[in-house]
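The values are calculated or read from the model by the stated rules, or taken from the named source; none is laboratory data. Being a predicted model, the structure only gives us computed values, none of them experimental. Here the Cβ positions follow ideal geometry from the backbone for every residue, glycine too, while neighbour counts run over all protein chains shown. Heads up: the accessible areas ignore ligands, DNA and RNA and are worked out on the full protein's heavy atoms, side chains in. Shrake-Rupley method; radii C 1.70, N 1.55, O 1.52, S 1.80 Å.
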Amino acid sequence: MEERERSIITRNPIIAVVVIESIEDAVPTAQALIEGGIYCIELALRTPAALEAMRLIRKNVPEMIIGAGTVIKPDHIDQVIDSGAHFGVSPGMNRNVVERALEKRFPFAPGVATPSDIEVALEYNLRILKFFPAEPMGGLKYLVSAATPYLHLSLQFVPLGGINNNNASAYLSSRLIPAIGGSWISDKTLISGNQWATITSNAREASIIAENAIKE
């Protein structure tokens, strides 16, 4: 499962964090992101529309890689698998959720914020972790410091929380970070306002930032 997770992430350095409040917005949001060069989303389980939005995107925009976000209960794992998610992430390190994901052989990256969180994840042999909330915790400088004792274990982190077009390049330039997640590309105000052209423009800008950062 680790190789599958790494493959998903390394092919998609930008993950658009998406909150869908209306079912009708699901497919246009995914299409706008793809038009801008982003092929991976984290669709948060924060609204009643989330699971059906996953199903619609999986059916109508099959090229989009769907990550399920805010997976905080074991039964969420079953629900997002049934809804077509390719992988899942959580804000924290919940043993019960991780164990269900492993049982189902579902690619999953729990959230970590401290060395203690990292060590719990290591008990399950997890090597790709979500770093959340990235900027409030101290950003890249903090992450590098917290991860240093574990560098020999080839850990990688996907930061979310406070990531934007001003700091994305710095994060992606780090060898610790194969991908970043951000809501600025397609925040819920843009989605609810049907601002598809703006979402596409933001996605294109983020894609260029990623391409340049990876080249450096």
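A few notes on this one:
- Among residues of the range 84-99, those that are closer than 20 Å to Ile8 by Cα and either among the basic types (Lys, Arg) or part of a helix (DSSP H, G or I) (or both), counted: 1
- Residue in the range 22-34 that is at pLDDT 95 or above and assigned to a loop (DSSP other than H, G, I, E, B) present: yes
- One residue stands out in the range 10-19 among those that are under 22 Å from Arg105 (Cβ atoms) and open to solvent by less than 20 Å² (accessible area, probe 1.4 Å): the one that is modelled with the highest pLDDT, namely Ile15.
- Candidates in the range 20-70 are the residues that are surrounded by 22 or more Cβ atoms within 10 Å (Cβ to Cβ) and of a type in the set (D, E, K, R); of these, the one that is nearest to Asp82 (Cα to Cα) is Glu42.
- Evaluated against (1) in a helix (DSSP H, G or I); (2) farther than 30 Å from Lys59 by Cα, Asp78 falls short on exactly one condition, (2).
- Across the range 79-136, the number of residues qualifying as under 23 Å from Ile163 (Cα atoms), open to solvent by 30 Å² or more (accessible area, probe 1.4 Å), touching a Leu at 6+ places or on another chain (Cβ under 9 Å) and of a type outside the set (A, V, I, L, M) comes to 5.
- Yes/no for Ile191 being within 18 Å of Tyr39 (Cα to Cα) and part of a loop (DSSP other than H, G, I, E, B): no
- Within the range 161-197, tally of residues that are more than 19 Å from Asn212 (Cα to Cα), open to solvent by less than 20 Å² (accessible area, probe 1.4 Å) and hydroxyl-bearing (Ser, Thr, Tyr): 1
- If only residues of the range 137-160 that are touching a Gly at 6+ places or on another chain (Cβ under 9 Å) and open to solvent by 20 Å² or more (accessible area, probe 1.4 Å) are counted, the one that is farthest from Arg204 (Cα to Cα) is Ser145.
- Flag: Ile209 matches the condition of being assigned to a helix (DSSP H, G or I), open to solvent by 10 Å² or more (accessible area, probe 1.4 Å), in contact with a helix residue (DSSP H, G or I) (Cβ under 6 Å, 6 or more places away or on another chain) and farther than 25 Å from Arg46 by Cβ.
Residue by residue, here is whether (1) at pLDDT below 95; (2) touching a helix residue (DSSP H, G or I) at 6+ places or on another chain (Cβ under 7 Å); (3) over 17 Å from Ile8 (Cα atoms) holds:
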{"residue": "Pro74", "(1), (2), (3)": "no, yes, yes"}
{"residue": "Gln79", "(1), (2), (3)": "no, yes, yes"}
{"residue": "Asp82", "(1), (2), (3)": "no, no, yes"}
{"residue": "Leu155", "(1), (2), (3)": "no, yes, no"}
